[in-house]
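In what follows, a structure is listed as structure tokens, so that the remarks can point back to it.
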Amino acid sequence: MEPTIRGLEATRAIVTQPLQWQVLLLLAEAPQSPGMLSRQIPIWQHWRCWLGLLQLQRHQLVMFHMKQWCWSLTAAGETLRPILNAIQTCNATQKGGNSNDT
């Protein structure tokens, strides 16, 4: 359990903004071109989105592929997939109105 907690603490130190989590969730679904990301992020957050991507790239969680002209998760970013899947599951449950909190 200890390595998992250390990994989560390290991730929380790197991914500090909700928008960064949103971008990671989008990239977990599929690689995204800059245009695709722009359409899924509110226009007033575009600048923060690009800054967040650069920070995630600096920490080697995402990378930009010049030939395909898209952003995707790196191998290190792929290690976040269990966390991202859990977040997506929670979001789907909340949107569907199904809750097991009883």
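A short reminder: the numbers here are calculations on the coordinates, not readings from a lab. This is a predicted model, so every value here is computed, not measured. Positions of Cβ are generated from backbone atoms using ideal geometry, with glycine treated the same way; all protein chains shown enter the neighbour counts.
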*Normalised by the residues of the chain, what does the relative contact order come to in percent, with Cα pairs under 8 Å and at least six apart?*
26 percent
*Just going by the charge dipole of the chain, with Lys and Arg at +1 and Asp and Glu at -1 on Cβ, which of TRP44, LEU80, ILE14 is farthest out on the positive end?*
TRP44
*Taking the chain as a Gaussian network, where each spring joins two C-alpha atoms under 10 Å apart, which residue of TRP47, TRP71, TRP21 fluctuates the most?*
TRP47
_Answer label, with Cα Rg over 2.2 N^0.38 Å calculated from the coordinates and candidates (1) 1.44; (2) 1.13; (3) 1.27_ = (2)
_Simple Cβ-charge dipole of the chain, Lys/Arg +1 and Asp/Glu -1, about Cα centre, in debye nearest 20_ = 300 debye
*What residues have an amide H closer than 5 Å to that of SER33, excluding those fewer than 5 places away on the same chain, when H is modeled at 1.01 Å from N in the peptide plane?*
TRP71
*asked:* So if each residue of separation counts as 0.36 nm, and I subtract the Cα-Cα distance between ASN91 and HIS46, what length gain in nm does that give?
replied: 14.0 nm
